[in-house]
1. Residue by residue through segment 74-85, what is 3J(HN,Hα) from phi via Karplus (6.51 cos²θ - 1.76 cosθ + 1.60, θ = phi - 60°)? Round to whole Hz and write x for glycine and proline.
2. Under a point-charge model restricted to the Cβ atoms of Lys and Arg (+1) and Asp and Glu (-1), what is the dipole moment magnitude of segment 26-95 relative to its Cα centre, in debye to the nearest 20?
3. For segment 23-30, in order, what is each residue's ³J(HN,Hα) by Karplus, 6.51 cos²θ - 1.76 cosθ + 1.60 with θ = phi - 60°, in whole Hz (x at glycine and Pro)?
4. Tell me, what HN-Hα J-couplings in whole Hz come from the Karplus equation 6.51 cos²θ - 1.76 cosθ + 1.60 at θ = phi - 60° for each residue of segment 140-145, using x for Gly and Pro?
5. What list do you get for Val140, Val122, Val217 if you sort them by fewest beta carbons within 10 Å?
6. State which stretch of the chain is the longest one without any exposed chymotrypsin sites (Phe, Trp or Tyr not before Pro), exposure meaning a DSSP loop state and at most 12 other Cβ atoms within 10 Å.
7. Taking neighbour Cβ counts within 10 Å as the exposure measure, how do Asp143, Asp209, Asp28 sort from fewest upward?
8. If you place +1 on the Cβ of every Lys and Arg, -1 on the Cβ of every Asp and Glu, and leave all else neutral, what size is the dipole of the chain about its Cα centre, to the nearest 20 Debye?
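No lab work stands behind these numbers, since they all come straight from the coordinates. Owing to the predicted nature of the structure, the values given are computational and were not obtained by experimental measurement. Because the Cβ atoms are built from the backbone with ideal geometry, glycine has one as well, and the counts that use them run over all protein chains shown.
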Amino acid sequence: MMMFFFNEWGSDILVTLYFFMEISCDDDIVGICESNLNIGVEKWQILSSCLQFGAGPEDIKYLLEGIFVLYKLSRNHAKLRKQIYAKINRLHSSTLLSINKQNNKTNTLHKTKDKELNDDMVWSFFFRENGVHIENGSEVDLDIRCHTKNASLSFSKSENNIFREHSYFVTHKIFTKSEWCQYSLIPEEWLIEISFMKFNLPNFIRVRDVEITGEFVQALKGVGISELDEDIQQATNFLISTQHFDGSWLQSEISDRKYHATVCAVGALLDHNYKYRRHSNNIIS
């Protein structure tokens, strides 16, 4: 069961362990992440020694996550990287970013769906970090789309899936700009996002949403909100109280949902070691 899960989520697990190792200020946690990351990398390199015949766009995206980690760890990956780059050159950009889909060509930026933009933010980050240029995938392109979407942020309490994607839009903006919380951001540049998260955080705690609560806490701390903030304290207490005996969250859920909830909660509870504070470099203020 565990091997099956790693076959599907191995790249994401490597990225998670790498960023947790980079952001934690606890030597024991850093050591645990580093040890498990090295084990995971060995397994991943065996499973992904070469590009499989018939690999599609989604496969390429996840492989780039793994390649990103191998590069950061100075592991040999030249053969696989070359194969991935060759495959990307044969794929149409519409299969790699949703903004490039033919049915989006006539859409205004205002009509971009939250989930599509959220996915594009994440994958554009890994394309750029791997030196891959994709149409409409530059940081400037994403800043324009995010600025447009920012104007529609809702401050009405809601519990539906569309609103959850709205919330992920805010956290994904912060995570990609801070390189998954390796750097803290200037609070004055994120006032709208801070207000949105602080307004909605109590409601996500009330409905016991571990994933959004965890991401909000990590994002708020990343934009300078103190751990002593009342909302963050309440969210932290909620996350600690809902952890299961095996260390996970959402134990009754399917494995990928349980995994994501656990990553969100752990990210929120980690004591962060930010490298330095950086400007968001948004082209539009």
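1. My calculation for segment 74-85 gives 6, 8, 5, 8, 4, 5, 5, 4, 4, 5, 5, 4 Hz in order.
2. Working: 9 positive and 8 negative charges, 138 e Å.
Charge dipole, segment 26-95, about its Cα centre: 660 debye, nearest 20.
3. Coupling constants for segment 23-30: 9, 6, 9, 9, 4, 5, 5, 4 Hz.
4. 5, 4, 5, 4, 5, 5
5. The most exposed by this proxy come first: Val140, Val122, Val217.
6. In the chain, the maximal stretch lacking such sites is 54-154.
7. Ordered from fewest to most neighbouring Cβ atoms within 10 Å, Asp143, Asp209, Asp28 come out as Asp28, Asp143, Asp209.
8. Magnitude of the dipole: close to 1040 debye.
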